[in-house]
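First the structure, in the form of structure tokens, and then the observations on it.
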């Protein structure tokens with residue numbers, strides 16, 4: 001599994017966070033069901049919530065309450081949801097199997113890597129700090145770091161600049177269609193994390209991706225010469 005001594009095809013790797021490095025659905029969904037219980041709403045099955053986990057508070061509230069941002073009650077629910085989620089940020093969340101080994105191999109081979117997520121910094125920064133080895137990322141770009149989040153290329157281009165690597169020499173790994181759209185827009189090779197949440201839109205086979213992996217450690221073959 002080691003890539004030590006190999007000449008990488010790419011000089012670095014960027015990762016999405018939720019559904020790619022960390023299985024955060026248990027806490028994202030758990031916070032939604034805590035909110036539902038507060039309002040005597042029926043709880044939502046976790047399998048249903050996993051498919052919406054990458055859409056954050058908006059997706060969770062749509063599933064639990066059937067309303068979107070245009071509803072006048074949405075903002076109040078969103079703020080309550082954020083408070084509940086912040087209190088249970090890593091209660092049940094875990095790294096996906098193989099992530100620790102993957103990061104260790106990248107570090108052994110001196111391949112820079114970073115995280116680009118649409119999660120706001122108020123959640124992403126403490127979550128990463130509490131889930132080593134994610135805290136050793138070369139950069140962390142959050143959903144509010146730039147004015148335009150994914151699927152716009154701005155966060156990925158910002159991360160490339162922070163790692164001092166040209167976009168064409170970076171892989172971007174994610175589990176949502178907008179991750180692949182952002183990768184294309186940034187001039188990076190997109191890698192679908194097929195073990196992740198994958199949303200409820202188009203199937204991943206129809207996303208504009210260069211590669212698909214079924215397990216995190218499969219990424220190593222892409223960075224080996």
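Could you tell me which numbered condition residue 191 fails, if it satisfies all but one of (1) under 17 Å from the mean Cα position of the chain (by Cα); (2) over 24 Å from residue 97 (Cα atoms)?
If we test residue 191 against (1) under 17 Å from the mean Cα position of the chain (by Cα); (2) over 24 Å from residue 97 (Cα atoms), just (2) comes out false.
Quick check on my filter: what residues within segment 108-134 are over 20 Å from residue 9 (Cα atoms) and part of a loop (DSSP other than H, G, I, E, B)? Show your work before the answer.
Narrowing segment 108-134 to residues over 20 Å from residue 9 (Cα atoms): 116-134.
Once the filter is applied, which keeps residues that are over 20 Å from residue 9 (Cα atoms) and part of a loop (DSSP other than H, G, I, E, B), segment 108-134 yields 117, 118, 119, 120, 130, 131, 132, 133.
Sort out which residues of segment 183-203 are more than 19 Å from residue 24 (Cβ to Cβ) and crowded, with 17+ Cβ neighbours inside 10 Å, and write them in order of number. Give the derivation first.
Narrowing segment 183-203 to residues more than 19 Å from residue 24 (Cβ to Cβ): 183-191, 201-203.
If the condition is that a residue be more than 19 Å from residue 24 (Cβ to Cβ) and crowded, with 17+ Cβ neighbours inside 10 Å, then 183, 184, 185, 186, 188, 189, 190, 191 are the ones that fit.
Filter segment 43-75 for residues that are assigned to a loop (DSSP other than H, G, I, E, B) and in contact (Cβ under 8 Å) with a residue 60 or more places away in the chain; which is farthest from residue 117 (Cα to Cα)?
Filtering segment 43-75 down to residues assigned to a loop (DSSP other than H, G, I, E, B) leaves 43-45, 51-52, 66-73.
Those still in the list that are in contact (Cβ under 8 Å) with a residue 60 or more places away in the chain too: 51-52.
On the way: 51: 17, 52: 15 Å.
Per the stated criteria, the residue is 51.
Results for (1) at pLDDT below 95; (2) under 15 Å from the mean Cα position of the chain (by Cα); (3) in the same structural domain as residue 108 (by TED's automatic domain parsing); (4) surrounded by 13 or more Cβ atoms within 10 Å (Cβ to Cβ), shown as yes or no for each residue.
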site	(1), (2), (3), (4)
5	yes, no, no, no
16	no, yes, yes, yes
32	no, no, no, yes
47	yes, no, no, no
63	no, no, no, yes
69	no, no, no, no
72	no, no, no, no
77	no, no, no, yes
80	no, no, no, yes
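Please specify each residue of segment 135-176 satisfying the condition of being in a helix (DSSP H, G or I) and surrounded by fewer than 22 Cβ atoms within 10 Å (Cβ to Cβ). First the steps, then the outcome.
Filtering segment 135-176 down to residues in a helix (DSSP H, G or I) leaves 135-136, 154-163, 167-169.
Answer for segment 135-176, where residues must be in a helix (DSSP H, G or I) and surrounded by fewer than 22 Cβ atoms within 10 Å (Cβ to Cβ): 135, 136, 154, 157, 158, 161, 162, 163, 167, 168, 169.
The values are calculated or read from the model by the stated rules, or taken from the named source; none is laboratory data. Not measured: the values here are computed from a predicted model. Positions of Cβ are backbone-derived with ideal geometry, glycine not excepted, and every protein chain shown enters the neighbour counts.
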